[in-house]
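Participant: Next up is a structure, given as structure tokens.
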Amino acid sequence: MNTLDLILQKTTTLPPYPVVVQKVLHLVDDPKSSAEDLVGVIQYDQALTAQILRVCNSAYFGLRRPIHSIREALVRIGFNQLLEIIMSYGSAYLFSRAYQGYDLAEGDLWRHSVASALLSQIISKHVNQEKTTVQFTAALLHDIGKIMLNEHVKENFPEIQKLVHEKNYSFIEAERAVLGTDHAEVGGKISEKWQFPQVLAFGIQYHHSPFLAPSDQELVSLIYLCDVIAMMTGFGGGADGLAYHGQKKIMKQHGLTAKDVEQIISQLEDRLHQVESLLNMGTG
Amino acid sequence: MKIVVGMADMRVTNDPESTLITYALGSCIGISLYDPTVKVGGLLHFMLPESQIDLEKAQRNPWMFADTGIPLFFREMYKLGGDKKRIKVKVAGGAQVMDAEGYFNIGKRNCMALRKILWKNNVFIHAEVVGGNVNRTVRLELSSGEVWVKTSGEEERLI
């Protein structure tokens with residue numbers, strides 16, 4: 001049996017994605033979803049409610065008066081931001097663990113995910129696009145395949161590293177050459193299995209090859225940029241480091257120059273305190 | 001005591017018990033300065049080559065940029081008794097993605113900016129581990145002045 005099938009078979013033994021997150025994911029994707037739907041999903045989950053309020057009242061939003069209820073949060077912070085907090089909360093526990101196959105210490109992958117998600121907002125603003133919750137979520141979850149591929153990368157690391165160091169393979173090319181699959185494909189397939197909305201599954205599966213995405217290429221290429229810029233900035237880089245291809249075509253597609261990339265990095269640094277608020281979810 | 005130097009941050013110390021460390025240098029650069037006579041050392045983690053892309057930002061946090069951070073870093077060393085003629089400069093970071101030319105080569109431009117500033121001020125680099133496609137962590141031991149570089153997926157080594 002090949003690695004991909006092995007992993008997909010084993011997902012039954014993986015911790016399931018929290019039910020509340022699965023429900024919220026579909027609200028993210030549904031233009032008709034409303035604040036009432038959101039309240040309906042979370043109102044009975046006290047731990048989640050407490051966590052949401054904690055983030056609402058953290059430095060992330062810098063509010064003067066504290067928020068005491070979900071309904072109040074909806075009014076003062078807004079529907080989309082609340083969705084983003086819930087997505088972050090629901091993902092933190094899985095992404096915060098150490099993944100030794102990729103030489104990622106505890107918190108490293110989560111740091112990379114959060115930085116990518118914030119970059120999705122910074123970049124869309126920079127290119128005058130509307131920022132969306134779908135972008136935020138896809139950027140947050142884009143490396144989910146690393147979580148499942150971790151053990152296999154660990155077992156075959158010398159071989160993968162050799163291809164990267166000696167044959168000039170990108171890390172993902174080396175994963176594919178050695179394991180017959182790669183973290184992007186695994187992430188995409190797992191997302192389908194978990195019934196994530198299709199646009200998210202594509203954002204995850206094609207984040208290193210946006211032009212192969214069957215649809216939503218603009219979103220997918222934005223996720224590519226978030227990932228690459230987060231890597232460059234050093235957020236949560238592991239053994240794969242920066243061994244991925246820089247694709248000029250995508251920069252051109254978004255009308256970005258080298259100076260734009262510098263400005264984007266500078267803006268990300270401004271929001272580090274926000275990153276910290278989200279990062280603490282992993283430990284809190 | 002371990003002192004962590006964050007992104008776009010700098011620390012100097014003369015406490016011989018301490019270790020300065022900065023994590024996760026991708027395209028960013030970590031510079032270690034150490035004066036062995038007075039045992040004063042520091043670590044700067046800068047992110048971008050030139051402050052002109054955001055002057056207001058450079059005012060608020062000069063450590064973000066090579067051109068504002070490096071000169072100030074030397075001045076902080078002098079305040080603790082460091083002497084330019086004795087200071088040993090060691091550098092790590094400045095990595096980039098593959099096929100980076102033009103758009104993604106901040107690592108290279110960070111290195112160039114650093115070299116230009118040091119060259120203009122007649123300062124030599126004593127050791128460096130720069131470029132490539134890897135992440136690095138840099139650690140300066142104040143007691144010995146040793147600088148250790150850890151590349152993700154490899155053992156830590158002395159430079």
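Participant: Looking for something surrounded by fewer than 24 Cβ atoms within 10 Å (Cβ to Cβ) and either within 9 Å of chain A (Cβ to nearest Cβ) or assigned to a strand (DSSP E or B) (or both) - is there at least one such residue anywhere in the range B:65-88?
Facilitator: So far as the range B:65-88 goes, yes, one or more of its residues are surrounded by fewer than 24 Cβ atoms within 10 Å (Cβ to Cβ) and either within 9 Å of chain A (Cβ to nearest Cβ) or assigned to a strand (DSSP E or B) (or both).
Participant: Tell me the residue from A:Glu36, A:Glu72 that is under 21 Å from A:Gln22 (Cα atoms) and of a type in the set (Asp, Glu), please. Before the answer, list the steps.
Facilitator: Working: A:Glu72 fails: under 21 Å from A:Gln22 (Cα atoms).
Within the list A:Glu36, A:Glu72, the selection yields A:Glu36.
Participant: Also: Which residue pairs have Cβ atoms closer than 7 Å, lie 6 or more positions apart in sequence or on different chains, and pair a first residue in the range A:112-137 that is farther than 18 Å from A:Thr257 by Cα with a second residue that is of a type in the set (Lys, Arg) and part of a helix (DSSP H, G or I)?
Facilitator: Every condition considered, the pairs that remain are A:Lys131/A:Lys125.
Participant: Looking at the range A:191-202, can you tell me whether even one residue there is modelled with pLDDT under 90, within 16 Å of the chain's Cα centre (by Cα), surrounded by 24 or more Cβ atoms within 10 Å (Cβ to Cβ) and part of a helix (DSSP H, G or I)?
Facilitator: Yes - at least one qualifying residue is present in the range A:191-202.
Participant: Have a look at B:Ser27, B:Ser32, B:Ser51 and point out the one that is within 14 Å of chain A (Cβ to nearest Cβ), surrounded by 22 or more Cβ atoms within 10 Å (Cβ to Cβ) and among the hydroxyl-bearing types (Ser, Thr, Tyr).
Facilitator: Working: B:Ser32 fails: within 14 Å of chain A (Cβ to nearest Cβ); B:Ser51 fails: surrounded by 22 or more Cβ atoms within 10 Å (Cβ to Cβ).
Answer to the selection: B:Ser27.
Participant: While we're on this one: Among the residues of the range A:48-63, how many are in contact (Cβ under 8 Å) with a residue 24 or more places away in the chain and either of a type in the set (A, V, I, L, M, F, W, C) or farther than 23 Å from A:Val19 by Cβ (or both)?
Facilitator: 7
Participant: Being within 16 Å of B:Phe73 (Cα to Cα) and among the small types (Gly, Ala, Ser) is the filter; apply it to the range B:1-28 and report the residue that is modelled with the highest pLDDT.
Facilitator: B:Ala8
Participant: Considering the range B:105-120 alone, what residues qualify as being without any contact (Cβ under 8 Å) to a residue 24 or more places away in the chain and either in a loop (DSSP other than H, G, I, E, B) or buried (at least 20 other Cβ atoms within 10 Å of the Cβ) (or both)? Break it down into steps so the answer makes sense when it comes.
Facilitator: Step one: filter the range B:105-120 for residues without any contact (Cβ under 8 Å) to a residue 24 or more places away in the chain, giving B:105, B:108, B:115-116, B:119-120.
Correct list: B:Asn105 only.
Participant: Hey, could you check the range B:89-104 for residues that are closer than 24 Å to B:Lys150 by Cβ and within 7 Å of chain A (Cβ to nearest Cβ) and say which is surrounded by the most Cβ atoms within 10 Å (Cβ to Cβ)?
Facilitator: Within the range B:89-104, the first condition is being closer than 24 Å to B:Lys150 by Cβ, and the residues that meet it are B:89-98, B:100, B:104.
With within 7 Å of chain A (Cβ to nearest Cβ) added as a condition, the list becomes B:95-98, B:100, B:104.
On the way: B:Ala95: 32, B:Gln96: 24, B:Val97: 25, B:Met98: 18, B:Ala100: 22, B:Phe104: 26.
Checked the range B:89-104; the qualifying residue surrounded by the most Cβ atoms within 10 Å (Cβ to Cβ) is B:Ala95.
Participant: Right, here's the next one. Restricted to the range A:31-40, and to residues that are more than 22 Å from the chain's Cα centre (by Cα) and part of a helix (DSSP H, G or I), which residue is surrounded by the fewest Cβ atoms within 10 Å (Cβ to Cβ)?
Facilitator: Only one residue fits best here, namely A:Glu36.
Participant: Sort out for me the helices (runs of 4 or more DSSP H) sitting completely within the range A:223-284 that have 2 or more residues that are at pLDDT 90 or above and facing chain B (nearest Cβ under 10 Å).
Facilitator: Working: elements: A:248-253, A:258-270, A:272-283.
So the answer is A:248-253, A:258-270.
A quick yes/no check of all residues on (1) at pLDDT 95 or above; (2) closer than 15 Å to A:Gln263 by Cα:
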residue	(1), (2)
B:Glu50	yes, yes
B:Lys57	no, yes
B:Trp63	yes, no
B:Thr68	yes, no
B:Pro71	yes, no
B:Tyr78	yes, no
B:Ile87	yes, no
B:Lys90	yes, no
B:Met98	no, no
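Participant: When you scan the range A:52-78, how many residues do you find that are farther than 21 Å from A:Ala115 by Cα and assigned to a helix (DSSP H, G or I)?
Facilitator: 8
Participant: Could you list, in sequence order, all residues of the range A:175-211 that are among the small types (Gly, Ala, Ser) and in contact (Cβ under 8 Å) with a residue 60 or more places away in the chain? Before you say what the answer is, go through the steps one by one.
Facilitator: Start the filter on the range A:175-211 by keeping residues that are among the small types (Gly, Ala, Ser), which leaves A:177, A:180, A:184, A:187-188, A:191, A:201, A:203, A:209.
Matches in the range A:175-211: A:Gly180, A:Gly203.
Participant: Can you tell me which residue in the range B:122-153 is nearest to the other protein chains (Cβ to nearest Cβ), limited to those that are more than 27 Å from A:Gly238 (Cα to Cα) and free of Cβ contacts under 8 Å to residues at least 24 places away in the same chain?
Facilitator: My answer is B:Ser144.
Participant: Among the residues of the range A:147-187, write down those that are surrounded by fewer than 20 Cβ atoms within 10 Å (Cβ to Cβ) and more than 14 Å from every other protein chain (Cβ to nearest Cβ).
Facilitator: A:Glu151, A:Glu155, A:Arg176, A:Ala177, A:Gly180 - these are the residues of the range A:147-187 that are surrounded by fewer than 20 Cβ atoms within 10 Å (Cβ to Cβ) and more than 14 Å from every other protein chain (Cβ to nearest Cβ).
Participant: Which of the residues belonging to the range A:110-146 are closer than 26 Å to A:Leu8 by Cα and either surrounded by fewer than 24 Cβ atoms within 10 Å (Cβ to Cβ) or among the aromatic types (Phe, Trp, Tyr) (or both)?
Facilitator: A:Trp110, A:Val134, A:Phe136
Participant: Return the only residue of A:Leu242, A:Leu163, A:Leu179, A:Leu212 being among the aliphatic types (A, V, I, L, M) and under 30 Å from A:Tyr60 (Cα atoms). Show your work before the answer.
Facilitator: Working: A:Leu163 fails: under 30 Å from A:Tyr60 (Cα atoms); A:Leu179 fails: under 30 Å from A:Tyr60 (Cα atoms); A:Leu212 fails: under 30 Å from A:Tyr60 (Cα atoms).
Matching residue, one of A:Leu242, A:Leu163, A:Leu179, A:Leu212: A:Leu242.
Yes/no per residue for (1) in contact (Cβ under 8 Å) with a residue 12 or more places away in the chain; (2) in contact with a Pro (Cβ under 9 Å, 6 or more places away or on another chain); (3) farther than 22 Å from A:Val28 by Cβ; (4) loosely packed, with under 15 Cβ neighbours inside 10 Å:
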| site | (1), (2), (3), (4) |
| --- | --- |
| A:Gln46 | no, no, yes, yes |
| A:Arg65 | no, no, yes, yes |
| A:Ala92 | yes, no, no, no |
| A:Leu104 | yes, no, yes, no |
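The values are calculated or read from the model by the stated rules, or taken from the named source; none is laboratory data. Nothing here was measured: the structure is a model prediction, and the numbers come from that model. Reconstructed Cβ throughout: ideal geometry from the backbone, glycine too, with neighbour counts over all protein chains shown.
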